[in-house]
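The values are calculated or read from the model by the stated rules, or taken from the named source; none is laboratory data. Please read these numbers as outputs of a predicted model, since none were measured by experiment. Here the Cβ is made from the backbone with ideal geometry for all residues, glycine too, and neighbour counts use every protein chain on show.
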Amino acid sequence: MRTQSRLALTLIAALVAGAAFAADKPVATVNGVAIPQAKMDFILKKLAERGAKDSPDLRQKIRDDLVLKEVLTQEAVKQGVDKQADTQMEMEISKQNALLNAFVAHYQKNNPMPDAELKAEFDKMKSQMPPKEYQARHILVEKEDEAKAILAALKKGKKFEDLAKEKSKDPGSKDKGGDLGWSVPDSFVPEFGQAMSKLKKGQITQEPVKTQFGYHIIKLEDMRDVQGPSFEEMKPQLQQQAQGKQIEKMISDLKAKAKIE
């Protein structure tokens, strides 16, 4: 029994040593310089954060890239490029930028925005949204007498959609019978938005509406309560905006405390 136990312990030790050796084994060696596995693992981690999937093909591409960079780095050092003043300055700036990016990421991780604050910002944003959105059609013409002629044709029973396709100067809605889709009044110039929001379902403006684009005949097809995004849908965007403000304040506070001469 003791012999079996010793044998099992020996096998376990060998497996552990083998695993450690595999982990320490370099990705490649270039002119005697080892490229550590840790470098490969770091790049894989960063690529995974961007949605890349680990695969033998990806690992091979990373290895080829690391080898090429090591070959070029060695040659650059051999030729003294690393000793040039501009190169050293650029390396120093790159090092500083990497540290600052890591610092911001560290700060964000350790200072998450509470859901209560995000919800309060969401409610504030929601309260500023217009309560209704409208589905309208319009016919745009250059002159007021053209618009009045269209109104007369509509009163005689001519279809709005047909007149829009025939007369309207708006290329975006003309072929759709003047249909503008669902939108809020603020999406349009003030004169148009105000006239549209005063209509009831199915109504047409009784007079041409003048804007900077010309004269409009507007028909309101329907209206409904604004269907805004939910808190969960908006949460990532709200968090990003809130963290941006939080970081700006942190930077401002640190700068204010610093002795700058």
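Mind checking whether some residue in the stretch 235-246 is at pLDDT 90 or above and touching a Lys or Arg at 6+ places or on another chain (Cβ under 8 Å)? No, the conditions are met nowhere in the stretch 235-246. Across the stretch 126-139, the number of residues qualifying as loosely packed, with under 13 Cβ neighbours inside 10 Å and either within 27 Å of LYS174 (Cβ to Cβ) or touching a residue at least 40 places away in the same chain (Cβ under 8 Å) (or both) comes to 3.
Within the stretch 218-248, the set of residues being small (Gly, Ala, Ser) and in contact (Cβ under 8 Å) with a residue 40 or more places away in the chain comprises GLY228, ALA242. Residues considered: ASP41, ASP65, ASP86. Of these, the only one that is exposed (fewer than 10 other Cβ atoms within 10 Å of the Cβ), at pLDDT 95 or above and of a type in the set (D, E, K, R) is ASP86. Count of the stretch 141-152 residues, restricted to those that are over 13 Å from PHE213 (Cα atoms) and in contact with a helix residue (DSSP H, G or I) (Cβ under 6 Å, 6 or more places away or on another chain), is 1. Residue pairs whose Cβ atoms lie under 7 Å apart, separated by 6 or more positions or on different chains, with the first residue in the stretch 189-217 and assigned by TED's automatic domain parsing to the domain that holds GLY177 and in contact (Cβ under 8 Å) with a residue 12 or more places away in the chain and the second surrounded by 12 or more Cβ atoms within 10 Å (Cβ to Cβ) and of a type in the set (Lys, Arg), are GLU191/LYS210; ILE204/LYS219; PRO208/LYS148; GLY214/LYS169. Counting only residues that are modelled with pLDDT of 95 or more and either surrounded by 18 or more Cβ atoms within 10 Å (Cβ to Cβ) or within 14 Å of LYS219 (Cβ to Cβ) (or both), which one in the stretch 182-192 is farthest from the chain's Cα centre (by Cα)? Residue satisfying both the conditions and the ranking: PHE192.
Residues of the stretch 214-223 include at least one that is part of a strand (DSSP E or B) and of a type in the set (Val, Ile, Thr).
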